[in-house]
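Worksheet for the structure shown next.
The values are calculated or read from the model by the stated rules, or taken from the named source; none is laboratory data. Everything quoted here is computed from the prediction, not taken from an experiment. Accessible surface is based on the protein model in full, side chains and every heavy atom, while ligands, DNA and RNA are left aside. Shrake-Rupley method; radii C 1.70, N 1.55, O 1.52, S 1.80 Å.
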Amino acid sequence: MEIIEIRDEFIKLGQVLKLAGFVGSGVEAKEIILHGEVKVNGECVLQRGKKIYNGDMVEFDGKKIKIKA
């Protein structure tokens, strides 16, 4: 599991996917999110702009990322 540290209170889901290197652009992030391929805290999320907070877990393609503020 990878840990991504953020400086602010939250980060948007599309940005998390880019920071983790899962996608190369916001367009790619939007596509995989809308296809139901991304989970936040175990639940499928379809909103690219969903706010991700400290302690949240993001999953994509068998990989997990934990957010640390």
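Observations on the structure shown:
- Descending Cα extents along the principal axes, the chain, whole Å: 28, 21, 18
- Accessible area of the chain belonging to carbon and sulfur atoms, whole % at 1.4 Å probe: 44
- Once the chain from Y53 to K18 is taken as fully extended at 0.36 nm per residue, the excess over their C-alpha distance is 11.0 nm.
- Whole-number accessible area per residue in Å² for the chain, which is evaluated in the context of all protein chains at 1.4 Å: 65
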